[in-house]
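Trainee: Here it is, the structure, as structure tokens.
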Amino acid sequence: MKKKNRLFALILAMFFGLLGFDRFYLGKKKTGILKLITFGGLGFWWFLDAALLLIDAFLYSLGRENGFIKDAKNNDLRYGLSLYRLKNGRLEQDWFVKAENIHSL
């Protein structure tokens, strides 16, 4: 199971969220279509999704393990806003994991 990228979803939400691209990426096809035909809920839904993804990425960088944004299969997303994240009072590498850790993601 490959986790979806929180940063990629955030970028999609910010630039193409009015068209629902972020929802399609996360596998939420029905709400993606709804977001597309309503033009991002006339901008309100677009703003809400982008803000929630930004807050979720920020909190993940500060050590929160489980985000409140999930993909269609209710899986957590990966990656925060910075190369390193704070976890248990220590900085750990976030964006670039070692080759032996890739299979565990």
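Trainee: Note down the net charge around Ala9, summing +1 for each Lys or Arg and -1 for each Asp or Glu among other residues with Cβ under 10 Å from its Cβ. Can you show the working numbers first?
Mentor: Numbers: positive: Lys4, Arg6, Arg23; negative: Asp22, Asp49, Asp56, Asp71.
Once positives and negatives cancel, what remains is -1.
Trainee: For segment 8-60, what log10 I(q)/I(0) values come out of the Debye formula at q = 0.17, 0.28 1/Å, with one point per alpha carbon and no solvent?
Mentor: At q = 0.17, 0.28 Å⁻¹ the computed log10 ratios are -0.41, -1.01.
Trainee: Summing +1 for each Lys or Arg and -1 for each Asp or Glu, what net charge is found among the other residues whose Cβ lies under 14 Å from the Cβ of Asn75?
Mentor: Details: positive: Lys2, Lys3, Lys4, Arg6, Lys28, Lys70, Lys73, Arg78; negative: Asp56, Glu65, Asp71, Asp76.
Here the charged neighbours net out to +4.
Trainee: For the chain, compute Rh as the Kirkwood radius over C-alpha pairs and then the Stokes-Einstein diffusion coefficient at 25 °C and 0.890 mPa s; write the answer in µm²/s, rounded to an integer. Before the final figure, lay out each step's value.
Mentor: Numbers: Rh = 14.2 Å.
For the chosen part, D equals 173 µm²/s.
Trainee: Pick from Lys29, Lys73, Lys87 the residue whose mean-square fluctuation is largest in a GNM of the chain, springs joining Cα atoms under 10 Å.
Mentor: Among Lys29, Lys73, Lys87, the largest GNM mean-square fluctuation belongs to Lys73.
Trainee: I've got another one for you. Just the accessible area per residue of the chain, please: how many Å² with a 1.4 Å probe?
Mentor: Details: 6940 Å² over 105 residues.
Heavy-atom accessible area per residue stands at 66 Å².
Trainee: Leu53: net charge of surrounding residues, Cβ under 15 Å, Lys/Arg +1, Asp/Glu -1, itself excluded?
Mentor: It works out to a net charge of +4.
Trainee: Let me know the charge dipole size of the chain about its Cα centre in debye, to the nearest 20, where only the beta-carbon of Lys, Arg (+1) and Asp, Glu (-1) is charged. Could you put the intermediate results ahead of the total?
Mentor: Values: 17 positive and 9 negative charges, 58 e Å.
Computed about the Cα centre, the dipole is about 280 debye.
Trainee: Once each part is reduced to its C-alpha centroid, what is the distance from segment 1-42 to segment 80-95 in angstrom?
Mentor: Segment 1-42 and segment 80-95 have Cα centres spaced 26 Å from each other.
The values are calculated or read from the model by the stated rules, or taken from the named source; none is laboratory data. Here the structure is a predicted model, which is why all the values come from computation and not from measurement. Positions of Cβ are generated from backbone atoms using ideal geometry, with glycine treated the same way; all protein chains shown enter the neighbour counts. Note: accessible area is taken over every heavy atom of the protein model, side chains too, but ligands, DNA and RNA are not part of it. Shrake-Rupley method; radii C 1.70, N 1.55, O 1.52, S 1.80 Å.
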